[in-house]
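A.B. asks: One structure, as structure tokens, below. Some questions next.
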Amino acid sequence: MNYEKLELNGVALIKPQKFGDNRGFFMEAFKDNWFKENIADVTFVQDNQSLSCEKGTIRGLHYQKAPFGQGKLVRVLKGSIFDVAVDIRPNSETFGKWVGATLTSDGAEQLWIPDGFLHGFCTLEPDCEVFYKVTNPYNKESDAGIAFDDPAIGIEWPIDIKSAILSEKDKNQPKLSSLR
């Protein structure tokens with residue numbers, strides 16, 4: 001596996017190696033010891049999967065409050081997404097800054113987003129299936145979010161956000177300033 005540390009400390013883009021022939025391909029999607037040695041010494045406790053039927057769907061920006069904060073390892077099983085991490089660590093020099101990466105089922109890229117970051121993505125084509133491993137189980141009382149279009153963050157979504165498909169929850173998230 002290859003990886004690249006992104007601009008925000010702790011966030012990494014992982015590129016598993018695919019071995020293909022006329023039958024298709026094989027790849028190691030996750031290897032615990034390799035991940036702990038190269039990316040983060042964490043334990044994953046839950047796997048999640050979502051399907052977004054429409055191109056232009058935005059999910060996020062989400063996080064879980066302490067003590068249920070989650071690190072997430074995100075990959076696409078079908079389709080392609082633009083995946084985003086926003087630093088919300090209280091004393092971080094990069095608080096409110098974001099990084100994004102395009103993840104595709106063909107490329108098999110994965111984005112590691114540590115605890116202390118918002119996470120969100122938009123679908124770049126219909127019928128996107130996203131799979132992610134998390135370091136803490138979901139806790140309803142700790143579930144929180146920030147507006148995906150907050151100008152204080154300034155995410156450059158690769159879709160027309162005026163026609164984005166959102167849940168009611170995501171349409172009504174607070175601004176980043178609510179965390180200060």
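Bear in mind that the values in this text are calculations on the coordinates, not laboratory data. Here the structure is a predicted model, which is why all the values come from computation and not from measurement. Glycine gets a Cβ as well: all are built from the backbone with ideal geometry, and neighbour counts include every protein chain shown.
A.B. asks: Regarding the stretch 104-111, can at least one residue be identified that is assigned to a loop (DSSP other than H, G, I, E, B), closer than 14 Å to ARG59 by Cβ and over 12 Å from the mean Cα position of the chain (by Cα)?
C.D. replies: Within the stretch 104-111, not a single residue is assigned to a loop (DSSP other than H, G, I, E, B), closer than 14 Å to ARG59 by Cβ and over 12 Å from the mean Cα position of the chain (by Cα).
A.B. asks: Right, another one. Being in a strand (DSSP E or B), over 14 Å from the mean Cα position of the chain (by Cα) and among the charged types (D, E, K, R): is that true of GLU93 here?
C.D. replies: In short, no.
A.B. asks: Among ASP127, ASP143, which is the only one that is acidic (Asp, Glu) and within 29 Å of LYS18 (Cβ to Cβ)?
C.D. replies: Testing whether each residue is acidic (Asp, Glu) and within 29 Å of LYS18 (Cβ to Cβ) leaves just ASP127.
A.B. asks: All but one of (1) buried (at least 18 other Cβ atoms within 10 Å of the Cβ); (2) without any contact (Cβ under 8 Å) to a residue 60 or more places away in the chain; (3) in a strand (DSSP E or B) hold for ASP115; state the number of the condition that does not hold.
C.D. replies: (3)
A.B. asks: Which numbered condition trips up LEU51, out of (1) surrounded by fewer than 16 Cβ atoms within 10 Å (Cβ to Cβ); (2) touching a Phe, Trp or Tyr at 6+ places or on another chain (Cβ under 7 Å); (3) not hydroxyl-bearing (Ser, Thr, Tyr)?
C.D. replies: Of everything listed in (1) surrounded by fewer than 16 Cβ atoms within 10 Å (Cβ to Cβ); (2) touching a Phe, Trp or Tyr at 6+ places or on another chain (Cβ under 7 Å); (3) not hydroxyl-bearing (Ser, Thr, Tyr), LEU51 misses just condition (2).
A.B. asks: Sticking with this one: Taking ALA66 as meeting all but one of (1) touching a residue at least 40 places away in the same chain (Cβ under 8 Å); (2) farther than 18 Å from GLY10 by Cβ; (3) of a type outside the set (Lys, Arg); (4) exposed (fewer than 15 other Cβ atoms within 10 Å of the Cβ), write down the number of the exception.
C.D. replies: The single condition ALA66 does not satisfy is (2).
A.B. asks: Mind listing whichever residues of the stretch 155-180 are outside any helix (DSSP H, G or I) and of a type outside the set (D, E, K, R)? Lay out the reasoning, then the answer.
C.D. replies: So the first thing to find is which residues in the stretch 155-180 are outside any helix (DSSP H, G or I), and the list is 155-160, 164-167, 172-175, 180.
Once the filter is applied, which keeps residues that are outside any helix (DSSP H, G or I) and of a type outside the set (D, E, K, R), the stretch 155-180 yields ILE155, TRP157, PRO158, ILE159, ALA164, ILE165, LEU166, SER167, ASN172, GLN173, PRO174.
A.B. asks: Which count do you get for residues in the stretch 8-48 that are buried (at least 17 other Cβ atoms within 10 Å of the Cβ) and within 23 Å of TRP98 (Cα to Cα)?
C.D. replies: 9
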